[in-house]
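Read through the structure below, which is laid out as structure tokens, and then see the notes.
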Amino acid sequence: MQEKLSNRIKSMATSQTLAMAAKARELKEEGKDIIGLSLGEPDFNTPDFIKEAAIKAINDNYNSYTPVDGYVELKDAIINKFKRDNKLTYDRSQIVVSTGAKQSLANVAMVILNPGDEVLLPCPYWVSYAEIVKLAEGIPVEIPTSVETNFKITPAQLEAAITPKTRMIWYSSPCNPSGMVYSREELRALADVLKKYPDIIVVSDEIYEHINFVGGHASMAEFEDMYDRTVTVNGVSKAFAMTGWRIGYIGAPSYIARACNKMQGQITSGANCIAQRAVITALEAPVSKISHMIDTFKSRRKLIIDLLNGIDGFVTPEPEGAFYVFPNVSAFFGKTLRGHEILNATDFSLFLLEEANVATVTGDAFGNPECIRISYAASESQIEEALKRIKQAVME
């Protein structure tokens, strides 16, 4: 029978991070010793105090459908977290809990965008942004950056990218994949541009908020003139090592939150009941409860930067947060390495997988064709071995 699929799914790109992880798994099953540095997933276990809360919820017989936008107790914990960590004041009508921050983003896109609306994406951007925008019939518009600008856009670039069709701007800080963090002053400068265009909605993805090595975290919604047009997206996957628990959330203008609640009610309904109860405990805990993980990431950051700086051809700015490095590898383009012709970052990433047995992700997936993303959410011994293999592969 001939396949009959929608144009929507046929035109959608596969997630490159998940595709590389799947390829790495296939090679492992074939007996190859693959070091996976492609997925954005902490290599820690979920803290015991959170697991204990989940066990208690099971024993307390939480097993029924949850409110579409989340338990009231969880929404209150999120409200308190926003106030404590971000100086942001929301009420329950402004909070929506979803099955991961990815669903939060998809909800926002679906309820805001009309066909042909443009969404500005400072490059590099998280791999799923562009495809989510396209799924909502919007048009992703990339704003390029480089190593020289620390992968951050300038106010002048932002202003130049705005057109009458611009409806939103999406960005992450700390950024996946670059690890760069927008300071409060940098965000204010961008806000000064945006305040001239009051119909543009800002989506601030802050999922890596606590994995920050440069000091205080800044949120666009902190600015009084941006609060009513900013959607703050967060979750527990990264800082709390809870990727599989699938809980994300937004703080947003009430009309957007209501629309997301309506959308979610027709797609998935409420998020998992046990996970929600556990997240209440996670968010109520002081950040010091997870500081050991952040300290470990900071130590690994130094290790991987030192090792990459010892490999000719890699230009690697020091990330300010998250757990990735995003080196420029364009020095290898046009070369032939071990019989592999390297024309772009995708070629180079596949070369590293096949010849060094190290899984990374091409920068093409993030809107930057000159770089690759390497996750250091791995043990120091794995990082050392991976970088040793990479160095041998590119030097021989």
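The values are calculated or read from the model by the stated rules, or taken from the named source; none is laboratory data. Being a predicted model, the structure only gives us computed values, none of them experimental. Cβ: placed from backbone, ideal geometry, glycine included. Neighbour counts: every protein chain shown. Accessible surface areas use protein heavy atoms only, side chains included; no ligands, DNA or RNA. Shrake-Rupley method; radii C 1.70, N 1.55, O 1.52, S 1.80 Å.
Scanning the stretch 1-39 for residues that are surrounded by 10 or more Cβ atoms within 10 Å (Cβ to Cβ) and of a type in the set (S, T, N, Q) returns S11, T14, S15, Q16, T17, S38.
In summary, no strands (runs of 3 or more DSSP E) completely within the stretch 95-211 bear 3 or more residues that are open to solvent by less than 30 Å² (accessible area, probe 1.4 Å) and among the basic types (K, R).
Name the strands (runs of 3 or more DSSP E) wholly within the stretch 270-381 that hold at least 2 residues that are open to solvent by 40 Å² or more (accessible area, probe 1.4 Å)?
Values: elements: 335-337, 340-342, 372-375.
It comes to 335-337, 340-342.
Identify, please: which residue in the stretch 65-74 is part of a helix (DSSP H, G or I) and in contact (Cβ under 8 Å) with a residue 24 or more places away in the chain and is, among those, least open to solvent (accessible area, probe 1.4 Å)? Here the answer is L74.
Taking residues in the stretch 198-221 that are without any contact (Cβ under 8 Å) to a residue 40 or more places away in the chain, and partners anywhere that are aromatic (F, W, Y) and outside any loop (DSSP other than H, G, I, E, B), the pairs with Cβ atoms closer than 7 Å and at least 6 places apart or on different chains are S204/Y171.
Condition check: touching a residue at least 24 places away in the same chain (Cβ under 8 Å), in a helix (DSSP H, G or I) and not hydroxyl-bearing (S, T, Y). Does A22 satisfy that? Explain how you work it out, then say what you get.
Numbers: touching a residue at least 24 places away in the same chain (Cβ under 8 Å): no; in a helix (DSSP H, G or I): yes; not hydroxyl-bearing (S, T, Y): yes.
Considered against the rule, which asks whether it is touching a residue at least 24 places away in the same chain (Cβ under 8 Å), in a helix (DSSP H, G or I) and not hydroxyl-bearing (S, T, Y), A22 comes out as no.
Of all residues in the stretch 304-318, those that are hydrophobic (A, V, I, L, M, F, W, C) have Cβ atoms under 6 Å from Cβ atoms of residues that are surrounded by fewer than 17 Cβ atoms within 10 Å (Cβ to Cβ), 6 or more apart or on another chain, in I305/E318.
The numbered conditions (1) under 22 Å from G251 (Cα atoms); (2) open to solvent by 20 Å² or more (accessible area, probe 1.4 Å) are all true for K56 except (1). In the set (1) in contact (Cβ under 8 Å) with a residue 40 or more places away in the chain; (2) part of a loop (DSSP other than H, G, I, E, B); (3) open to solvent by 20 Å² or more (accessible area, probe 1.4 Å), the condition left unmet by P42 is number (3).
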